Amino acid sequence: MSDSMESVNRSSGRETLLLSDHDENVIKYYLPKNEIVADMADFFSVFSDATRVKILSSLCITEMCVTDLCAMLGERQSTVSHQLAFLRSLRLVKTRRIGKIIRYSLASPYVMKVLELGTKFLGY
């Protein structure tokens, strides 16, 4: 590495960037704010749990109640209910009451789009 690339900006105490000042300013302007980044990290963490992905995938097809989801996924009612509550708290699923039955569905078509893009990215 050249001496100029390893030099330290004496006024700020940081390493000199290889970007131009213009590029640095553009990147800083468009870089999401910390709050947005935290919300995005929370959103994408939803997809790190296989049960949640199966629930969301099922709800891409049709709305379902907890009993139907348990039967389809082979999971216990407590597991499915817990995951649905989590998904609902992040506004990824919504509910609709029909008598005593609560049916779940995707809150936004963007959830399905994220799942589609994930499978395409993985080559499925």
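Rule-based calculations on the coordinates, nothing more; no lab input. Just so you know, these numbers come straight off a predicted model, no measurement behind them. Note that each Cβ is placed from the backbone with ideal geometry, even for glycine, and that neighbours are counted across all protein chains shown.
Using a simple spin-label model with points 7 Å from Cα along the Cα→Cβ vector, what separation in nm is obtained for Val114 and His82?
For the pair Val114/His82, the computed spacing is 2.1 nm.
Which whole-number percent is the relative contact order of the chain (Cα, under 8 Å, 6+ apart)?
Contact order relative to length: 18 percent.
Which label belongs to the value computed from this structure, given these candidates for Cα Rg over 2.2 N^0.38 Å: (1) 1.09; (2) 1.62; (3) 1.01?
The listed entry that was calculated here is (2).
Fewest Cβ neighbours within 10 Å first, please rank His22, His82 accordingly. Don't skip to the answer; put the middle values down first.
Details: His22 8, His82 13.
Fewest to most other Cβ atoms nearby, the residues stand as His22, His82.
Using only alpha carbon pairs under 8 Å that are at least six residues apart, calculate the relative contact order of region 49-122 and give it in whole percent.
33
Multiplying the sequence separation of Asp68 and Ile27 by 0.36 nm and subtracting their Cα-Cα distance, what value in nm do you get?
Between Asp68 and Ile27, full extension yields 10.1 nm more.
To the nearest µm²/s, what D does Stokes-Einstein give for region 49-122 at 4 °C and 1.567 mPa s, using the Kirkwood radius over alpha carbon pairs as Rh?
104
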